[in-house]
Each structure stands twice: as structure tokens, then as C-alpha cells.
Amino acid sequence: MWNTLSHMLQTGLLTEPLPAPQQTAPALKTLQKELLQILGRALCIRHVDAGSCNGCELEIQALNNPYYNLEGAGIKFVASPRHADLLLVTGPVSVNMEEALKRTYNAMPDPRFVVAVGDCGACGGVFGTSYASRGGVANIIPVNYIVMGCPPSPAAIISGILRTIRPADIGA
Amino acid sequence: MATNFMEFQAPRLPANIPTRRLRVDRVQWFQTAESFRKSNARFLTLWGADDRDRDGGFRIYAAYLIPNTVMVVEHFIEDSASPSYPGIAGFYPAALRMQRAVADLLGISTDEADTRGWLRHGGWPESLFPLRRDVDGSQQYPVESAPYPFVPVEGDGVHEIAVGPVHAGTIEPGHFRFTVVGEKVLRLEERLGYTHKGVAKLFENSSQQNGHRLAARVSGDSAVAFSWAYCAALESLTQTVCPARAIILRALALEQERLANHLGDLGALGNDAGFAFGLTQFSRLKEELLRANIVAFGARYLMDYVVPGGVAFDMTPDARRLLLDLYDAMEPSVSQMRSIYDEHAGLQDRFREAGRLEQATAEKLGAIGLVARASGIACDLRVDHPWAPYDLLAPKLVVQTGGDVAARVQVRFDEILESLRLCRLFLSEPPKDAIRTSVPVATSGVLGVGLVEGWRGPVMIALETGPSGGIRRCHAHDPSWQNWPLIEYAILGNIVPDFPLINKSFNLSYSGQDG
């Protein structure tokens, strides 16, 4: 126990401020207030791998490391699409995952957002469209925002999530 | 009549470690498998090719690791109307799923009893074999329902739990069918193939100079291993000698990849056993390593770092210093975390005895890589079949005998320390020559092999060149193929809630096996 505690103390607090979606830095409190205004509660995210190479998964997992600490900002990952406001989809949609992706999306309550993560989620990436791949996520379900990158950095994924839930920032 | 195929003088194949090719007939195809099994050769992979345009038939290949050599056994199947070959799963059970995948993609069948599809889930017509040369791979088809009969289990109080393909976390998709009595798992059957992206077909439209980009994305967490294996095959085919600096930088990148994955796994294993502190600490260490990667290699994940002829990004003296400082900070942290893990009664209670894979079972089923080393099997390409620069370094072989989750945790700790030692050696006096040399176009119709011990185990690329700088056939093999079926055994008698922990201790690639 002593070892565990002393290791915690040595490590200290590493969490960095959230990245600004545009130039203005969103203070944590502002963000949480906005989340409450838009959703009435914390933002719940469900992730679906629709056929990725697992690179994007590694960066999504990084969102909960102490440097990004996404949960500390009131954004958490949930186990069921029925609890989710936002669907993070990685990978080109493989034909073998097409049905599972549609069902996951249909299981979500409204209002719902979809963020396609990575070059593959955007357009199929190096896998494109083929007998085995339907290409980008938007070919299968409606997509609100796309985060490019192979894989995109955790900071880029957070920015994408923030932009999605603040429609004004998307500039549409 | 017993033939010792290991004594055969087969011609050499271009490869980064000694590889030979043995051309056999139908009967010998079966006999080679039998003979290799008897002499404890390890089975690496199996793949097929459509050569009807060239000589009127199909080919089936199997690769084995025999002492000092990789043996690629090749069998030409003349009957192009209903091509078949004798299955070898009786000798090497790991071959079964590979044979089913070959049947799905090429329509070459075996005499095995299990004829269910593996990669095809109804996403393309049953009569269509996408890897055949007369099939246009870019065509799309509507998904049709294709029922998959799981092996039924009956009995008093027996029930099924179906999990997946979408899991309750940020992980890849796959389906697990548990048959349980109370809490205990009586049987587990896996169904994979959900992330099949048609990689093999895509290679045929890629140029030799570009294939490494696709190879790196076969399994993103092993990008360096796959792209290096691809480049090693291409460089062997073209007799390209990489600059010494590039070779060292590739090995450094490979060890960084091993470190990143092992750190991530150790954190996740702690978390799956209810010790969130472990996840916090190890994910911090991993993040610090990934940030150093940006400075040293130009990216957090090295998807396009290893390129034909060398590497894409040179390391500055500052980056070298940064990495050495990183290692100096990481090593005591990892050692401290190890003693915390070792002394934590609750954690050890979950780790020990969970998901035990006995050495005899591991041997019989053909375990490979990290999982094999945790079940007492001494195998590591960096040690047994070293290629440059590992031939000069004598990496230490890490072996644990427990075969349980605890042993797979210990292997990761040991390998982190060994990788840190190797990384420091790479950085002690890095050669000062170029980081890349040009790679000429390879002659058409030649087969070359690249083999690299990735963090999971041996990653193999078999590359056959096509005309004018193209690729005729490229087979990418992930060690997860061998190790996935082992989880079906490791889980037996364990309770369902321990499955995530056991599965994590293997941490196999779905994408790598689905292709």
C-alpha cells in the first residue's frame, strides 16, 4: 500500500487542459455547462470498431489516460448504445460489420451524434471500397463529423467530439 | 516409408532469414506435415494462390520453422475445376482456420470435416471466390443471410451466452459463444472474420514500392513488424542492402512498438482485475513513450516509418538524448510497478491459475510468440533465427512456465526490461550513414519471404512479384491466427467474469487474423 501511495505522489497530476475547438480555450466549467445545456447531462460515448486495423482504437483508449483524462471533463465511454449520445466509429465499414453497425446506431436514443474516426472512417483509407469493404462510415449511417488521421491523435479526436456537440463551432 | 523432409536439399528463397522452398506432390504435402510434426517443427502459416493464368492450376503453400531454416512447402493443384488438397489440421490444428479462409477466398477445399466458412459471413455470393484472378475485387454485393452453426452442447443446466461482435469497450469486433454451467465455462467457440477487409486482394493492385503501407495496416498495433517484414521480403528479392543506420533505426522502432504494447497491456490487465491504479500508471508511461515517438520517429504510431530501402525519418541527436532519458525514467517506474503488482494479494489472486495453458497443450496446438513463451516454450525469432541487427546482439530469451495470466504478465515485464536494454544498445553508437537507399524493381514471378518477431510473435510476409513493379500475390500472416484457438482451451473451467482478463492476457489481433 505504501508503495502504491508513494508512486501516486511521485507521479503527481498530469492532466492537461482540453484543446480549444477554435481559438478560444474552453474552460472546463464552460464545457460542462454547455454539455448540460445541449444534453442535460454528461456526454456518453459508445465506440464501434466497424473493421479498423486497431490503430484508431489505441488512440481512443488513450483518451482516458491521465494526460487527456476525458472522463474528468464529463465525457465518458459507456458499454451500451442505449446509454450513448455519441457514436465513435472507426475503420472502413467491412461488409461483415455492416449489419452490426446499423443495429448499434438504431439502438441509440435521439438526439444522437456520429463521429467517424480516422482516414478509414472518412473514406475507407487504404482499404477503399471493395468486395469486403463499404468504405467510409457515411456510406452506411449518417455522420455528423469526421476526424482525419492515420491514426488521429487523441487531441484531434477530442477536438472532433467537442465540435460535434457544439454545432455552432462546426461552422455549418 | 518415412521420408525425412528436413534433410531435403531444397533451393533457397530470397528472405531475411534462411528460407528454402520444397515443391511437393499431393501425397508429399501430407507427409511433409506429418514428418515436420514428428520432428517438432513449428507451423507458421498456410496460404493459397490462383495460378490458372500461368500454368493452369492453383497452389497451396505452408511454411514451417525448422532449426535454422524456414521451409516453404509448395504444392501445385492441377485440377482447376474442383481444386482440393489434403488438410494438415490433424498434425497442426492451427492450420484448420487458415484452410477454411483459403476455401472462402480461393475455393480450394480440403478433406477436413469442418467446412463452415470463416471469413465469408454472407457479404459476397457463396459461389464467388474473391482472390481468384478472374474476379473483380472492387465489385460490391448485398449482404445475404448466412447462418453459422455453432457446435451445440446439451445437458442438464447448460446454457449459452453469446457475446459480440460489438463488445462493451474500445476493442475490435469478434463473436464469442460460451456454453456455461452456472458460472463455469464448459466450452467456448470463437467466430472471427468481422474485420475482413480484403487485404490480400488489395495487395494485387498495389505496387511493390507502396505495399508496405498496406502491410503496416494489417494490424495497426504491429505496424512496424508488418512493414519491416514486407520491406525485408522486397529487399531480399532485389538484393538491396539497407544502410546500417536504417537497420538500427528499424530495430529501435520495433522495440518501441513492443514497449508501447506491453505497457498498454500491463495497465489493461491491472484494470481488468479491478486495479485502476495500474491502468493509470501504465497508460501514463505509454503516453510518454508515444510522445517521444513524435520527436524520434515523426509520429506516435509508426504506420509509415519503415519504407523499402530504409526508414522515412532520421533521428536527431536531441531525439536520441530524449529517448535515453525516457528509458532512464521508465525503467525504475516499471520495476516499482512490478513489485506493486507482485505484492498485491487481490491482483495476484485474479492472475494466478486464471486461463492456464499447459505447456503440453500449447505444444500440441502450436502456440507461438509471447503466449508460447509464457507456457514454457522457448521460441523467439530474434534469438532462434536472428536477422540483422539482432544477429549481433544476442537478445535474451524470456520464458515463464506458469501458462496462466500471471505468467503472461511476467513475460511482458521481463520483455520490457530486455527491450530497454536493446534500445540502449541501439542508441549507444548509432551508425552515421544514410537512412534510406533506393530499391530497384524486382523481377516478375519470384517469391520472397520476410519474417520479423513482432511484440505478439512472428509476423510473416510472403511476396510474389508481378510484372512492371507490381505484386502478383502477397500473403500477410499475423501470429494471432495460431493463438486465437488457444483461448478456447485456456478458458475451460474458468468463470465467465474472468474471460476479459484472460482474453486481455493474450491480447490477440482481430484485424490481423481477419485480413
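Given the conditions (1) in a loop (DSSP other than H, G, I, E, B); (2) crowded, with 18+ Cβ neighbours inside 10 Å, and given that B:GLU112 satisfies all but one, which numbered condition is not satisfied?
Result: B:GLU112 passes all but (2).
So, in the range B:168-201, how many residues would count as being part of a loop (DSSP other than H, G, I, E, B), hydrophobic (A, V, I, L, M, F, W, C) and under 30 Å from B:GLY466 (Cβ atoms)?
Of the residues in that region, 1 qualify.
Considering only the range A:146-159, state which residues are under 16 Å from A:GLU71 (Cα atoms) and more than 10 Å from every other protein chain (Cβ to nearest Cβ).
Across the range A:146-159, the qualifying residues are A:ALA155, A:ILE157, A:ILE158, A:SER159.
Taking the range B:270-281 as the search range and keeping residues that are more than 9 Å from chain A (Cβ to nearest Cβ), part of a helix (DSSP H, G or I) and in contact (Cβ under 8 Å) with a residue 40 or more places away in the chain, which one is nearest to B:PRO332 (Cα to Cα)?
Step by step, filter the range B:270-281, then rank; the result is B:GLY278.
Residues in the range B:145-167 that are out of contact with any Lys or Arg (no Cβ under 9 Å at 6 or more places or on another chain) and within 14 Å of chain A (Cβ to nearest Cβ): how many?
3
Please determine whether any residue of the range B:438-452 is touching a His at 6+ places or on another chain (Cβ under 9 Å), outside any helix (DSSP H, G or I) and in contact (Cβ under 8 Å) with a residue 60 or more places away in the chain.
Yes, because at least one residue in the range B:438-452 is touching a His at 6+ places or on another chain (Cβ under 9 Å), outside any helix (DSSP H, G or I) and in contact (Cβ under 8 Å) with a residue 60 or more places away in the chain.
Note down all Cβ pairs under 8 Å where the first residue falls in the range B:197-218 and is more than 7 Å from chain A (Cβ to nearest Cβ) and among the charged types (D, E, K, R), the second is part of a loop (DSSP other than H, G, I, E, B) and surrounded by fewer than 24 Cβ atoms within 10 Å (Cβ to Cβ), and they're at least six residues apart or on different chains.
B:GLU204/B:GLY137; B:GLU204/B:GLY466
Sort through A:GLY136, A:GLY118 and tell me the only one that's of a type outside the set (Val, Ile, Thr), more than 10 Å from chain B (Cβ to nearest Cβ) and within 25 Å of A:PRO154 (Cβ to Cβ).
A:GLY136
Evaluate the range B:292-301: report whether one residue or more is within 23 Å of the chain's Cα centre (by Cα), free of Cβ contacts under 8 Å to residues at least 40 places away in the same chain and within 18 Å of B:THR170 (Cα to Cα).
Taking every residue of the range B:292-301 in turn, none turns out to be within 23 Å of the chain's Cα centre (by Cα), free of Cβ contacts under 8 Å to residues at least 40 places away in the same chain and within 18 Å of B:THR170 (Cα to Cα).
For (1) part of a loop (DSSP other than H, G, I, E, B); (2) free of Cβ contacts under 8 Å to residues at least 40 places away in the same chain; (3) within 29 Å of B:GLU204 (Cβ to Cβ), each residue gets a yes or a no:
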position	(1), (2), (3)
B:ALA10	yes, no, yes
B:GLN31	no, yes, no
B:SER35	no, yes, no
B:THR45	no, no, yes
B:ASP53	no, no, yes
B:PRO86	yes, no, yes
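Just to be sure before I move on: is B:ARG26 of a type outside the set (A, V, I, L, M), over 20 Å from B:TRP481 (Cα atoms) and without any contact (Cβ under 8 Å) to a residue 60 or more places away in the chain in the structure I sent?
Criteria not met by B:ARG26.
Residues to consider are B:PRO440, B:PRO430; find the one that is at pLDDT below 95 and surrounded by fewer than 17 Cβ atoms within 10 Å (Cβ to Cβ).
Values: B:PRO440 fails: at pLDDT below 95.
Just a single option satisfies the conditions, and that option is B:PRO430.
The values are calculated or read from the model by the stated rules, or taken from the named source; none is laboratory data. Just so it is clear, the model here is predicted, and its values are computed rather than measured. With ideal geometry, Cβ positions are generated from the backbone for all residues, glycine too; neighbour counts draw on all protein chains shown.
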